[in-house]
Amino acid sequence: MGRTVKQIREILHGSRRWNAGLQWYDFLLAIEFHLDGTGEMMYGGGQALRSDIKFRYEISAAIQIHFEFFDTIDAFWLPYRGKMFERTKENAFKTVGFHLLNGPFVIDEPYHQQHTYRYLLRFSSNPFPDGEGSPGPPDKSLLDYYGWVKK
């Protein structure tokens, strides 16, 4: 049985953060979906935040998320490197297909930790704007974002 767009939206914003690459230490690849239709994508590693991108999103009945990205300015980051993300005509919009799968999903994480997640958000391609959030060689596991961690 399929979910309605409203149900999908409630699941997406019901998890504080959706995370990929959980198997690696000191790595951050995360997306937050807010109830008001906005969100934030974060990519980092090596004790540093590399990219932080604000966006607006819409979910279509065709099971796609339409992203509109915005300039991201951080007061700490600006004097050293400028904007964290600068919107251009080429990177302002992106549409990505996805599947929302029911768990439980048990993930082995660094330091012998194991967490169970209720949902898996699997993207058909990298949801980050082109050129952003690319942690190196393509890795299909980085299309899988887990949410609703069970404590």
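The values are calculated or read from the model by the stated rules, or taken from the named source; none is laboratory data. Worth saying up front: this structure is predicted, and the values here are computed from it rather than measured. Every residue, glycine among them, receives a Cβ derived from its backbone with ideal geometry; neighbour counts consider all protein chains shown. Ligands, DNA and RNA are excluded from the accessible area calculation, which covers all protein heavy atoms including side chains. Shrake-Rupley method; radii C 1.70, N 1.55, O 1.52, S 1.80 Å.
The table below lists the values:
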{"quantity": "Pairs, first within 14 Å of F69 (Cα to Cα) and open to solvent by 20 Å² or more (accessible area, probe 1.4 Å) in the stretch 25-41, second part of a loop (DSSP other than H, G, I, E, B) and not aromatic (F, W, Y), C-beta under 6 Å, six or more apart", "calculated": "E32/R17"}
{"quantity": "Residue check, I53 in a strand (DSSP E or B), surrounded by 15 or more Cβ atoms within 10 Å (Cβ to Cβ) and either at pLDDT below 95 or in contact with a Ser or Thr (Cβ under 7 Å, 6 or more places away or on another chain) (or both)", "calculated": "yes"}
{"quantity": "Test set (1) touching a helix residue (DSSP H, G or I) at 6+ places or on another chain (Cβ under 8 Å); (2) modelled with pLDDT of 95 or more - L35 fails condition number", "calculated": "(2)"}
{"quantity": "The stretch 13-24, subset of a type in the set (A, V, I, L, M, F, W, C) and assigned to a loop (DSSP other than H, G, I, E, B), residue surrounded by the most Cβ atoms within 10 Å (Cβ to Cβ)", "calculated": "A20"}
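Each row is one residue, and each column tells you yes or no for (1) at pLDDT 90 or above; (2) part of a loop (DSSP other than H, G, I, E, B); (3) open to solvent by 20 Å² or more (accessible area, probe 1.4 Å).
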position	(1), (2), (3)
K89	yes, yes, yes
G97	yes, no, no
I107	no, no, yes
Y111	no, yes, yes
L120	yes, no, no
